[in-house]
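Working notes, structure below.
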Amino acid sequence: MSKRQSILSLYEKLISRYGPQGWWPILSKANKKGFDEKGYHPSLYDYPKSKLERYEIVVGSILTQNTAWKNVEKALLNLFHKKMFSPESVLKCEQKFLAQVIRPAGYYNQKAIKLKHITEWFISNDYIISKKTERFKRSEYFKEDEVNLLISEVRSNLLKVHGVGPETADSILLYAYHIPTFVVDSYTKRLFQIHKIYTPTGKNLLDYQKIQKMVHSVFNQKDYVSKVKIFNEFHALIVKEGKNSVN
DNA sequence: TCCCAGGGGCCGA
DNA sequence: TCGGCCCATGGG
């Protein structure tokens, strides 16, 4: 089997085994119509729909770094309950206080600094990026060059932000803005190795880029929305499988 | 008690 | 460039 076929069959296997995962969870919408008690929304791919929902995903992507999602939920709930959940209030808030509010997520001093930085980025970039992606989602034709330009611009912009590395940048692109890019994590590297799709070089960044490139070339749909959907599910399913195989 | 979880920054060689 | 170290809580 070619690597291309291996990747395709891995995706098919995972989606038929686990079904739609409903990523990225939006905790503030938990138990609302279409959402479960943790804010997952299986088969609803048009979320996030609002600025605040996008901000929740951006914040979550920082808080979850090297951290179990369960602890991120506690930190998010703290932010909601303290009525601190908006870009403005996070910026306004004293850093030490912010750190205490997000304490359950761990690395709280580091993450308070990171949240300040990503929030500044969000305030100056959210509107323009979501406008552009709305246009792609509506258009009938997949303008590949334009989309690739958008990806590389926003991505390199994000990577300059303190606290944002490749995985966090791609998570924000894909899950907050519906920009079709594949998120690579340690589960992905392990799973691809097991399935003999990829032999690790040992160099973290290089592995990341090579795996991402492979997946991008396999799913070359001309339809923007279905591409976003596949990358959304594929990463979420790999995380599901990764957790499943550990236990 | 130990180990890991939906990483990334920084520093010295 | 790259390896090693640091950040830190909570659950199994």
Checklist outcome for this item: Taking the range A:1-35 and keeping residues surrounded by 12 or more Cβ atoms within 10 Å (Cβ to Cβ) and of a type in the set (S, T, N, Q) leaves A:Ser6, A:Ser9, A:Gln21, A:Ser28
Item to check | Evaluation of A:Phe231 against (1) surrounded by fewer than 15 Cβ atoms within 10 Å (Cβ to Cβ); (2) under 23 Å from A:Val147 (Cα atoms) (one fails), failing number | outcome: (1)
Checklist entry - What single numbered condition from (1) more than 21 Å from the chain's Cα centre (by Cα); (2) within 30 Å of A:Gln193 (Cβ to Cβ) fails to hold for A:Phe97? => result (2)
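For (1) within 16 Å of DNA strand C (Cβ to nearest atom); (2) surrounded by 14 or more Cβ atoms within 10 Å (Cβ to Cβ); (3) among the hydrophobic types (A, V, I, L, M, F, W, C); (4) at pLDDT 95 or above, each residue gets a yes or a no:
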| position | (1), (2), (3), (4) |
| --- | --- |
| A:Ser43 | no, no, no, yes |
| A:Glu53 | no, yes, no, yes |
| A:Glu56 | no, yes, no, yes |
| A:Ile62 | yes, yes, yes, yes |
| A:Ala68 | yes, no, yes, yes |
| A:Val72 | yes, yes, yes, yes |
| A:Ala105 | yes, yes, yes, yes |
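Of A:Leu63, A:Leu10, A:Leu44, A:Leu27, which residue is in contact (Cβ under 8 Å) with a residue 40 or more places away in the chain and under 30 Å from A:Val218 (Cβ atoms)?
Exactly one of A:Leu63, A:Leu10, A:Leu44, A:Leu27 is in contact (Cβ under 8 Å) with a residue 40 or more places away in the chain and under 30 Å from A:Val218 (Cβ atoms), namely A:Leu10.
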Next on the checklist: Restricting to the range A:128-143, and then to whatever is exposed (fewer than 14 other Cβ atoms within 10 Å of the Cβ) and in contact (Cβ under 8 Å) with a residue 12 or more places away in the chain, can you tell me which residue is farthest from A:His178 (Cα to Cα)?
Outcome noted: A:Tyr141
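Condition check ((1) more than 20 Å from A:Leu63 (Cα to Cα); (2) surrounded by fewer than 21 Cβ atoms within 10 Å (Cβ to Cβ)) across all residues:
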| site | (1), (2) |
| --- | --- |
| A:Leu149 | yes, yes |
| A:Leu159 | no, yes |
| A:Ser171 | no, no |
| A:Pro180 | yes, no |
| A:Tyr187 | no, yes |
| A:Pro200 | yes, yes |
Item to check | Residue in the range A:227-241 that is under 20 Å from A:Glu12 (Cβ atoms), in contact (Cβ under 8 Å) with a residue 60 or more places away in the chain, more than 15 Å from DNA strand B (Cβ to nearest atom) and touching a helix residue (DSSP H, G or I) at 6+ places or on another chain (Cβ under 8 Å) present | outcome: yes
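The values are calculated or read from the model by the stated rules, or taken from the named source; none is laboratory data. Predicted model only: the values in this text are computed from it and were never measured. Note that we place each Cβ from the backbone using ideal geometry, even for glycine, and neighbour counts take in every protein chain shown.
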